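Peer 1: Can you read through this structure? Questions will come right after.
The values are calculated or read from the model by the stated rules, or taken from the named source; none is laboratory data. This structure is a prediction, so every number in the text was calculated from the model and none was measured. In this analysis, Cβ positions are derived from the backbone assuming ideal geometry, glycine residues included, and neighbour counts consider all displayed protein chains.
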Amino acid sequence: MRRLLALAAAAAVTAVAGCTTTTTSGTAQQRPRPSGAARGASAAGPAGCGATTLSRGRPPAWTNPGWANSANTAPPPIVHAVSAKGEVAGFLFSYPLMAGNPVPYSDKILWVVRLPRDGQPLTVTGHPLGAPRPAVSTVWAADSQPGEIYPSEIQVPRPGCWTFTVAWNGHSDTLDLPYVAHR
């Protein structure tokens, strides 16, 4: 039922045009993760990986404008992550995220940025935690609304904990997201 609600919410978000992806090879490592209380987790939920806790509860209030035109006045209770500096929230419309090409699933992430995008694109670069390769990179246009949002789909070549740097309009922040093998 939750997956169905998440897919319905995803359908309500405007699709984004234009992306580029690059992939190379390397290895991943794990590092300790702070507790949910230390990262400001809003409710018990999936554990996350690296330095990022995943939550299913209420996200930061600054993300609410991203949901202004939906049936909800606040984000639905889907899995989300807040970045290291607290400037980006990633809402995972399918959980767990799956490595490879997870057809018929979609690894949609709705990025909500706290600082203005001023029409500038969002660049997301990722690599396995603790390793520079393989690397993935995508660019998403600032053409979705309401609020400071960027819908995306990010495919990684293999499972593990992935570190992502999210950059827009001169700002950047990082977060770690877990990917599992495609079922």
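Peer 1: Working only within the range 149-183, note down all residues that are more than 17 Å from PHE91 (Cα to Cα) and of a type in the set (D, E, K, R).
Peer 2: ARG158, ARG183
Peer 1: Ok, one more. Residue pairs, Cβ under 8 Å, 6 or more apart or interchain, first in the range 138-150 and without any contact (Cβ under 8 Å) to a residue 40 or more places away in the chain, second among the hydrophobic types (A, V, I, L, M, F, W, C). List them.
Peer 2: The qualifying pairs are ALA142/LEU122; ALA142/TRP168.
Peer 1: Continuing with this model, one more query. I want to confirm something. Restricting to the range 130-183 and keeping residues that are of a type in the set (Asp, Glu) and out of contact with any Leu (no Cβ under 7 Å at 6 or more places or on another chain), which single residue is farthest from TYR105 (Cα to Cα)?
Peer 2: Initially, the range 130-183 is screened for residues of a type in the set (Asp, Glu), giving 143, 148, 153, 173, 176.
With the extra rule that they be out of contact with any Leu (no Cβ under 7 Å at 6 or more places or on another chain), the set shrinks to 143, 148, 153, 173.
Working: ASP143: 24, GLU148: 25, GLU153: 11, ASP173: 27 Å.
By that ranking, first place goes to ASP173.
Peer 1: Looking only at the range 94-122, which residues are modelled with pLDDT of 95 or more, buried (at least 16 other Cβ atoms within 10 Å of the Cβ) and among the polar types (S, T, N, Q)?
Peer 2: none
Peer 1: From SER106, SER152, which residue is part of a strand (DSSP E or B) and farther than 17 Å from LEU54 by Cα?
Peer 2: None of the other options fit; the residue is SER152.
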